[in-house]
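S.K.: Just passing along the structure, written as structure tokens.
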């Protein structure tokens with residue numbers, strides 16, 4: 001099975017109508033952008049581009065897909081689809097770039113017929129991955145350099161979980177619990193311990209936490225992380241050091257007032273001579289909870305639900321809009337869904353210090369901007385040319401570059417752009433109108 | 001590739017430790033339940049069971065998976081996994097049943113080794129699909145019998161979209177825009193029209209909406225749905241009827257004040273003799289917006305973002321907890337994460353009128369409940385026996401039965417259980433303690 005049926009039915013009926021009335025082969029540009037950031041967010045992080053470029057190659061209609069479509073499509077359309085390969089160009093923001101409302105994150109160029117059918121796949125991938133990366137970057141910023149493990153696979157669709165692990169890693173997480181994400185994308189797989197394993201060591205005479213800890217240390221070594229909150233945390237820490245000795249790698253606390261407990265556990269570990277044993281905390285952490293723990297003796301964070309669900313914003317709400325037909329700008333005229341016609345490109349303007357001050361979106365092919373002494377960095381780069389991926393956008397091998405882009409992007413924001421509180425986009429976006 | 005790596009790393013390290021210390025083959029029961037419903041919700045709808053039962057058969061470790069694991073697992077564990085097939089029993093709530101906090105939605109029985117590794121897959125599927133179905137059922141209830149199209153694929157991960165379409169259909173939607181959901185699960189594929197198709201018909205002298213409408217009608221027939229809000233809605237409706245005649249199937253409005261516009265468009269259609277032309281509305285609809293349109297002349301709803309993201313609750317937050325080891329009840333002792341040990345079953349008590357009054361969760365194998373004249377309907381049914389799916393839980397063929405369960409479940413709630421406003425669970429859950 002290919003990815004070609006991950007598509008809304010109306011794209012294919014529109015294709016059929018356009019093939020029939022002769023408009024299907026007009027040259028078009030579709031643009032992906034977000035009208036706004038999730039409420040109160042100050043920036044977003046583009047993610048999914050690498051996965052999209054990879055998925056394009058699988059967007060083909062074999063007999064398996066065509067048989068499902070023959071019920072409602074005519075022969076001309078089915079023939080077109082059976083020969084379909086995207087042969088156009090795609091440019092846009094590299095994965096890991098920050099974006100703001102109106103940023104032309106992706107532009108897809110080709111015939112109407114070859115572009116219209118990609119709408120759902122393009123948006124599904126970018127909306128999901130960008131939502132996760134945008135939330136994850138806020139968490140990474142709040143964690144202030146402390147390691148974070150993404151461990152939310154169980155709270156989202158089983159395959160969305162793999163993409164979420166990749167997006168979280170891209171945005172600054174240290175790794176993920178998800179094994180498929182390691183295999184597919186090289187995301188470091190990390191793990192601690194389970195309450196079930198401790199509970200498993202129950203005997204007729206009651207729980208035996210120390211037996212569980214001895215078993216884990218025997219199998220995984222003293223560098224392992226022991227989960228100390230199944231029963232009583234103070235007893236758990238004592239059992240952990242009794243089982244592993246003071247060289248124990250880490251203990252994990254998964255419930256309760258994490259700040260108070262981290263301080264108590266740190267004191268207890270130090271008193272037991274386990275001064276190098278680290279403390280991992282988890283349990284309903286989001287960017288605000290992470291920030292609130294900054295002053296506590298916490299060594300790393302395990303983050304689940306909030307990161308894989310975009311911390312309140314599970315979709316980036318990007319849209320895929322036709323903006324140009326045979327060189328003519330086009331736009332829907334709707335009161336609250338304003339969009340700007342014409343193919344575009346974008347640059348971000350920064351002071352000499354590197355702090356960004358403005359995003360400029362301007363007609364494609366126009367002369368360099370008037371930058372009033374600011375440094376203009378182009379944001380629009382080629383991703384696919386003539387249907388072929390441009391090097392540098394592989395979903396696994398180019399994650400490192402994307403991670404650097406996120407870090408550099410956050411570093412370039414004005415100081416209030418990194419605030420977690422609700423606010424306006426960190427920098428304004430100026431749309432330069434088409435010269436007529 | 002199988003589904004076996006859709007798993008958190010720690011499940012396999014815990015397995016390794018249990019194999020080494022001899023506890024891996026203890027008989028266990030893991031229970032899936034939600035500690036609470038999403039804030040203010042009055043009921044939830046179980047979904048994903050059919051997909052889970054199907055996925056179990058693909059949970060095997062081939063050389064492809066094992067090679068990824070050999071870096072951190074010992075030979076004993078790798079050998080165990082290479083022979084792995086789940087051979088235990090699963091019982092729980094049939095797909096489409098309502099559930100409440102503490103409902104034992106699923107119980108997985110087998111050795112620790114064979115059960116522990118399923119945690120992530122089980123929870124990913126149930127948490128995702130249940131979140132969507134629970135939101136979708138509220139929308140179906142708000143729509144009061146009017147058809148609803150799920151069209152949110154573009155707002156969620158590309159494969160989560162397929163499962164979301166299935167879950168929305170299960171909970172009462174009429175169908176989905178997603179073609180893969182039709183192919184895999186038989187969810188009726190529905191579609192309307194795209195702004196891009198109208199914009200495509202731009203010429204040097206400007207837009208030509210009527211040419212687009214003529215093209216669509218020529219290709220798809222007068223029964224099609226024309227999208228009338230690309231430019232001016234009143235002109236759009238006039239163009240639609242001019243192109244299709246008064247037998248036009250439907251018009252769609254995707255922006256603006258939908259209630260006001262629906263009334264205007266209904267009047268205009270009636271004046272043009274198109275009295276049977278239906279009105280489809282879409283655009284940021286959720287259960288509240290749907291309910292608010294109940295008095296308006298709307299014939300069907302297109303719902304996107306809100307349904308595929310669970311309308312504010314993108315995960316059902318179910319957990320997978322070890323509750324029994326070799327016949328002994330076990331439970332984590334944590335202040336705010338209370339759970340009850342022991343294998344359980346459940347029944348729902350109703351008055352003779354059919355209105356439910358209480359959910360009772362009681363130890364497995366216990367005698368029938370004291371029901372004080374109420375009718376007790378068992379909720380716990382066998383799903384998998386000895387590793388083999390029990391008939392009646394196929395993800396495609398049994399959707400019709402699940403749809404009926406949702407409808408019957410909603411019908412059985414006390415009147416205030418269907419309110420959309422925030423409130424308590426529609427019925428209380430009573431947990432019968434283990435007789436000691």
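Rule-based calculations on the coordinates, nothing more; no lab input. Nothing here was measured: the structure is a model prediction, and the numbers come from that model. Positions of Cβ are generated from backbone atoms using ideal geometry, with glycine treated the same way; all protein chains shown enter the neighbour counts.
S.K.: Calculated FRET efficiency, residue B:27 and residue B:430, Cβ-Cβ r, R0 25 Å, to nearest 0.05? Intermediate values should be presented prior to the final figure.
M.R.: Working: r = 27 Å, r/R0 = 1.10.
Calculated transfer efficiency: 0.35.
S.K.: Here's a follow-up. For peptide B:199-206, what's the mean number of Cβ atoms from other chains within 10 Å of each residue's Cβ?
M.R.: Numbers: counts 12, 14, 6, 11, 3, 2, 0, 2.
Across the residues of B:199-206, the mean count of other-chain Cβ atoms within 10 Å is 6.
S.K.: Rounded to the nearest 5, what % of the DSSP beta bridges within chain A are antiparallel ones? Could the numbers behind the result be given before it?
M.R.: Working: 39 of 58 bridges.
For chain A, the DSSP antiparallel bridge percentage is about 65.
S.K.: What translational diffusion coefficient, in µm²/s and rounded to a whole number, does the Stokes-Einstein relation yield for chain A at 37 °C and a viscosity of 0.692 mPa s, taking the hydrodynamic radius as the Kirkwood radius over Cα pairs? Don't skip to the end; give the middle numbers.
M.R.: Details: Rh = 23.8 Å.
D, rounded to a whole number, is 138 µm²/s.
S.K.: Then there's this: Among A:60, B:224, A:234, which comes first, then next, by fewest other beta-carbon atoms within 10 Å? Spell out each step's value before the answer.
M.R.: Numbers: A:60 16, B:224 21, A:234 13.
With the sparsest Cβ surroundings first, the list reads A:234, A:60, B:224.
S.K.: Given only helices, namely DSSP H runs of n ≥ 4 each adding -39500 (n - 2.57), what is the per-residue ellipticity at 222 nm of chain B, to the nearest 500 deg cm²/dmol? It would help to have the intermediate numbers written out before the result.
M.R.: Values: 15 runs with 152 residues, N = 436.
Value at 222 nm, helices only: -10500 deg cm²/dmol.
S.K.: Just to be sure I understand the model, the point goes 7 Å from the Cα along the line to the Cβ. What's the resulting residue B:208 to residue B:381 distance in nm?
M.R.: Between residue B:208 and residue B:381, the label points sit 5.7 nm apart.
S.K.: Just for segment A:151-308, what percent of DSSP beta bridges are antiparallel, to the closest 5? Mind showing how you got there, number by number?
M.R.: Working: 1 of 12 bridges.
Roughly 10 percent of the beta bridges in segment A:151-308 run antiparallel, per DSSP.
S.K.: Quick one: Cα convex hull volume of segment A:341-436, Å³ per residue? Kindly include the intermediate steps, with their values, before the conclusion.
M.R.: Values: hull volume 14.5 nm³, N = 96.
Normalising the Cα hull of segment A:341-436 by residue number yields 151 Å³.
S.K.: Identify the residues of segment B:404-436 with backbone N under 18 Å of a label point that sits 7 angstrom from the Cα of residue B:35 along the Cα-to-Cβ direction, or state none.
M.R.: Inside the label zone: B:425, B:429, B:431.
S.K.: May I ask you to sort A:84, A:185, A:197 by Cβ crowding, counting other Cβ atoms within 10 Å and putting the fewest first? Display every interim value, and only then the final one.
M.R.: On the way: A:84 17, A:185 23, A:197 27.
The fewest-first ordering by Cβ neighbours comes to A:84, A:185, A:197.
S.K.: For the residue pair residue A:370 and residue B:242, what label-to-label distance in nm results when each label sits 7 Å from Cα along the Cα-to-beta-carbon direction?
M.R.: In this crude label model, residue A:370 to residue B:242 measures out at 4.3 nm.
S.K.: Another question about this same structure. Quick one: what does P(r) look like for segment B:1-90 with 10 Å bins over all Cα pairs, in whole %?
M.R.: Going out from 0 Å in 10 Å bins, segment B:1-90 shows 13, 39, 30, 14, 4 percent.
S.K.: Here is a further query. Any chance you could give the angle, 0 to 90 degrees and rounded to 10, that helix A:160-170 forms with the longest Cα principal axis of chain A?
M.R.: With rounding to tens, the tilt is 80 degrees.
S.K.: Compute the length gained on full extension between residue B:74 and residue B:353: take 0.36 nm times their separation in residues and subtract their Cα-Cα distance, giving the result in nm to one decimal.
M.R.: 94.5 nm
S.K.: As I understand it, the value is the acute angle between the Cα axis of helix B:258-271 and the longest principal axis of the Cα atoms of chain B; what does it come to in degrees, rounded to 10?
M.R.: Rounded to the nearest ten degrees, it is 40.
S.K.: Rounded, prolate or oblate, given the Cα gyration tensor of segment A:107-240, with a/c below 1.5 counting as rounded? It would help to have the intermediate numbers written out before the result.
M.R.: Details: a/c = 3.42, a/b = 2.63, b/c = 1.30.
Taking the square roots of the gyration eigenvalues as a ≥ b ≥ c, segment A:107-240 is prolate.
S.K.: Under 8 Å for C-alpha pairs, at least 6 residues apart: give me the relative contact order for chain A, rounded to a whole percent. Before the final figure, lay out each step's value.
M.R.: Numbers: 903 pairs, mean separation 103.0, N = 436.
Dividing the mean separation by the residue count of chain A yields 24 percent.
S.K.: Which FRET efficiency, nearest 0.05, do residue B:234 and residue A:408 yield, Cβ-Cβ r, R0 41 Å?
M.R.: Details: r = 50 Å, r/R0 = 1.22.
So the FRET efficiency works out to roughly 0.25.
S.K.: Next question. If I histogram all Cα-Cα distances within segment B:145-308 using bins 10 Å wide from 0, what percent of pairs lands in each bin?
M.R.: Calculated over all Cα pairs of segment B:145-308, the distribution is 11, 38, 35, 15, 1 percent.
S.K.: Among B:24, B:163, B:235, which one shows the highest mean-square fluctuation when chain B is modelled as a Gaussian network with alpha-carbon springs under 10 Å?
M.R.: B:235
S.K.: Of the beta bridges DSSP finds with both residues in the protein assembly as shown, what % are antiparallel, to the nearest 5?
M.R.: Working: 80 of 118 bridges.
About 70 percent, rounded to the nearest 5.
S.K.: The protein assembly as shown: D in µm²/s via Stokes-Einstein (Kirkwood Rh, Cα pairs, 20 °C, 1.002 mPa s)? List each step's numbers first, then the result.
M.R.: Working: Rh = 28.4 Å.
Using the Kirkwood radius from Cα pairs, D works out to 75 µm²/s.
S.K.: If the elastic network links every pair of Cα atoms under 10 Å, which of A:54, A:424, A:370 fluctuates the most in the Gaussian network model of chain A?
M.R.: It is A:370.
S.K.: As a footprinting exposure proxy, order B:311, A:87 by other Cβ within 10 Å, with the fewest listed first.
M.R.: Values: B:311 22, A:87 12.
Ordered from fewest to most neighbouring Cβ atoms within 10 Å, B:311, A:87 come out as A:87, B:311.
S.K.: Rounded to the nearest 10 degrees, what's the angle between the helix B:209-220 long axis and the longest principal axis of chain B, both from Cα atoms, 0 to 90?
M.R.: It works out to around 60 degrees.
S.K.: Say R0 is 51 Å: what FRET efficiency, to the nearest 0.05, do residue A:295 and residue B:284 get from their beta-carbon distance? Can you show the working numbers first?
M.R.: Numbers: r = 41 Å, r/R0 = 0.80.
Working from the Cβ atoms, E equals 0.80.
S.K.: Roughly what would the spin-label model give for residue B:85 and residue A:326, points 7 Å off Cα along C-beta, in nm?
M.R.: 6.2 nm
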